[in-house]
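The values are calculated or read from the model by the stated rules, or taken from the named source; none is laboratory data. Computed from a predicted model, the values in this text were never measured in an experiment. Counting neighbours? That spans all protein chains shown, and the Cβs are built from the backbone with ideal geometry, glycine included. Just so you know, the surface numbers come from the protein's heavy atoms only, side chains and all, with ligands and any DNA or RNA stripped out. Shrake-Rupley method; radii C 1.70, N 1.55, O 1.52, S 1.80 Å.
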Amino acid sequence: MTTSTPETVRPGITAGRGAEHTAILGIGGYRPSRVVTNAEICEYIDSSDEWIRTRSGIIERRWALPHETVQMMSVAAARKALMRAGIEAAQVDCVIVATVSHLMQTPAVAPLISDELGATPAAAFDISAACAGFCFGVSMASDMIRCGSAKHVLVIGVERLSDITDVTDRGTAFIFADGAGAAVVGPSPTEGIGPVVWGADGSRYDLIRQKQPWKDVLESAEPSMPHLRMDGNPVFRWASFEMAKVAAEALDKAGVSPDDLDVFLPHQANMRIIDAMARTLRLPERVVIARDIAYQGNTSAASIPLATEALLEAGQAKSGDLALFVAFGAGLAYAAQVVRLP
Ligand code: UT7
C-alpha cells in the first residue's frame, strides 16, 4: 500500500505582464551626405545608367563618408525617433540594432549606441537578419513590451554596405547603399503592431553571402575584404513570388484587407519586386507605395524605416495610417507585419 505525502508548498514564479497593445511611437532616419550617381558606378563596372534604372529602379544612392559610421548614423536616426515619440533616452529599456555591416565581431554596436544616447543601462544587442532585421526587431520589441520585459524599445536598422560591397562586381555594386532608420516601440491604448509572419529559408543560404568566412580570409596569401556576393536573379524570382504570399498572410493575421490599407512599405530591394508584390496583392490604386529605392538604393535593414520617414515627411502618409511592412534578404530571412504609422 502506498501512502501519499502532503505536497510541499513551493513558491511559484510570477509571470511578467506588460501592455495589452503596442505601437511604433516615433520614426527617424539618417541619410549619408555623399550622393553616388549611376554614372559614377559605371566608372567601375561595365553597365549603364539605363540598365541600372530599368532593372533596379535606382537613379542614385547614398554612401557614407568616413565620419558617418554605423554608430554615428544610428545615434542620429535614434535621436529623431525619440524626439518624435516624446520619449527620453533614459526611458528606453532595450536597444536592438539590426545590422550586417558593423565590422567588429564583438561586442555588439548596440551598447555603444545606447550609451551615446544616454540609455545605459538599457539591455542592448545586435541582430543579424540582414534586410529583414528591422521587421524582426519590431516584432521582438512588441513581444517584449507585451510580456513586461521592457516598456520602451529602440529598434535601429543600420548599414554601411559600401564597406562590404565590391565596386567592381556587376552583380552588387549598383544596388547596395548606406543609412540608418530607427523606431521607438512602446505601449499604446490601441493596437499598432499586428502579428508578425516571419521565417528563414536556409536552403537558399548561398544566394546572398559574404564571399569567404573570416578564417579563410586570414589564412589566404593575400587577405582582402570578403565582399558581399549575390545571385541576384534567383533572389529576385523568390522575392517577387514568395514575399507577396508572406505579406498577404500578415494582412490576414492582422484582420486587415488590402482595401483597408493606406500604405505599402516593402523592403527597398528592387523597384520591379515592389511592383510585382503590389500587383499580386491587388492593392487598390489609392494605396501609397514606398519607392525610396530610387534615390537611396538598397540599404538593407535601414530601408523600411527610411522609406517610412520619407513618406511621413513628404505628407504622402500620415500618422494613424495602416501600413504593411514586408522585408526579405540574406538567410534568406523574411518578415511582414501590419503597423499603424506614428
Ligand atoms: O536586399 C536583399 C535582397 N536582394 C534583392 O532582393 C535583389 C534581388 N535581385 C535583383 O534585384 C536583380 O536580380 C538585379 C537587379 C540584381 C539584376 O537584375 P536581373 O533582371 O535579375 O538581371 P540578371 O542578373 O538576370 O541579368 C540579366 C542580364 C545578363 O545578361 P544576358 O545574359 O541577358 O546577356 C547579365 O549579364 O544583364 C546582365 N547584367 C548587367 N548588365 C549591365 C548583369 N548585371 C549587369 C549590370 N549592368 N550591372
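Being over 16 Å from Leu251 (Cβ atoms) and away from the ligand (no atom under 13 Å from the Cβ) is the filter here, so list the residues in the range 264-285 that pass it.
Glu285
Being of a type in the set (Asp, Glu) and in contact with a Lys or Arg (Cβ under 9 Å, 6 or more places away or on another chain) is true for just one of Asp93, Asp126, Asp115. Which residue is that?
Answer to the selection: Asp93.
Does the range 118-139 hold any residues that are within 18 Å of Gly18 (Cα to Cα) and either surrounded by fewer than 22 Cβ atoms within 10 Å (Cβ to Cβ) or small (Gly, Ala, Ser) (or both), and which are they?
Within the range 118-139, Ala122, Ala123, Gly137, Ser139 qualify.
Mind telling me which of the residues Tyr295, Tyr334 ends up being hydroxyl-bearing (Ser, Thr, Tyr), touching a residue at least 60 places away in the same chain (Cβ under 8 Å) and outside any helix (DSSP H, G or I)?
Tyr334
Under 6 Å between Cβ atoms, which residue pairs at least 6 apart in sequence (or on different chains) link something in the range 203-225 that is surrounded by 11 or more Cβ atoms within 10 Å (Cβ to Cβ) with a partner that is in a loop (DSSP other than H, G, I, E, B)?
From residues that are surrounded by 11 or more Cβ atoms within 10 Å (Cβ to Cβ), the pairs are Leu207/Asp231; Gln210/Pro226; Lys211/Pro226; Lys211/His227; Gln212/Pro226; Val217/Pro223; Val217/Pro226.
Kindly evaluate Glu40 against the criterion of being open to solvent by 40 Å² or more (accessible area, probe 1.4 Å), over 27 Å from Gly199 (Cα atoms) and charged (D, E, K, R).
Criteria not met by Glu40.
Answer yes or no: is there a residue in the range 45-57 that is open to solvent by 70 Å² or more (accessible area, probe 1.4 Å), without any contact (Cβ under 8 Å) to a residue 40 or more places away in the chain and more than 13 Å from the ligand (Cβ to nearest atom).
The answer is no, given that none of the residues of the range 45-57 is open to solvent by 70 Å² or more (accessible area, probe 1.4 Å), without any contact (Cβ under 8 Å) to a residue 40 or more places away in the chain and more than 13 Å from the ligand (Cβ to nearest atom).
Tell me which residues, restricted to the range 140-170, are crowded, with 24+ Cβ neighbours inside 10 Å and in a helix (DSSP H, G or I).
Those that are crowded, with 24+ Cβ neighbours inside 10 Å and in a helix (DSSP H, G or I): Ala141, Ser142, Ile145, Leu161.
Answer yes or no: is there a residue in the range 59-69 that is assigned to a helix (DSSP H, G or I), without any contact (Cβ under 8 Å) to a residue 40 or more places away in the chain and surrounded by fewer than 23 Cβ atoms within 10 Å (Cβ to Cβ).
No: the range 59-69 contains no residue that is assigned to a helix (DSSP H, G or I), without any contact (Cβ under 8 Å) to a residue 40 or more places away in the chain and surrounded by fewer than 23 Cβ atoms within 10 Å (Cβ to Cβ).
Using beta carbons and a limit of 6 Å, which pairs, at least six apart or on different chains, have the first residue in the range 112-134 and more than 16 Å from the ligand (Cβ to nearest atom) and the second one charged (D, E, K, R) and not in a helix (DSSP H, G or I)?
Final answer for the pair search is Ala122/Asp93.
Being among the polar types (S, T, N, Q) and within 14 Å of the ligand (Cβ to nearest atom) narrows it down to one residue among Ser240, Ser188, Ser220; which is it?
Exactly one residue qualifies, and that residue is Ser240.
Has the range 14-22 got at least one residue that is open to solvent by less than 10 Å² (accessible area, probe 1.4 Å) and not aliphatic (A, V, I, L, M)?
yes
Which one of Leu251, Leu312 is open to solvent by 10 Å² or more (accessible area, probe 1.4 Å) and part of a helix (DSSP H, G or I)?
Leu312
For the range 20-45, enumerate the residues that are under 24 Å from the mean Cα position of the chain (by Cα) and under 30 Å from Ser188 (Cα atoms).
Those that are under 24 Å from the mean Cα position of the chain (by Cα) and under 30 Å from Ser188 (Cα atoms): His21, Thr22, Ala23, Ile24, Leu25, Gly26, Ile27, Gly28, Gly29, Tyr30, Arg31.
When the range 202-239 is examined, which residues are found to be assigned to a helix (DSSP H, G or I) and closer than 13 Å to Tyr334 by Cβ?
Result: Gly202, Arg204, Leu207, Val235, Trp238, Ala239.
Could you go through the range 46-61 and let me know if any residue there is outside the structural domain of Ala307 (by TED's automatic domain parsing), closer than 25 Å to Val184 by Cα and touching a Phe, Trp or Tyr at 6+ places or on another chain (Cβ under 7 Å).
No, the conditions are met nowhere in the range 46-61.
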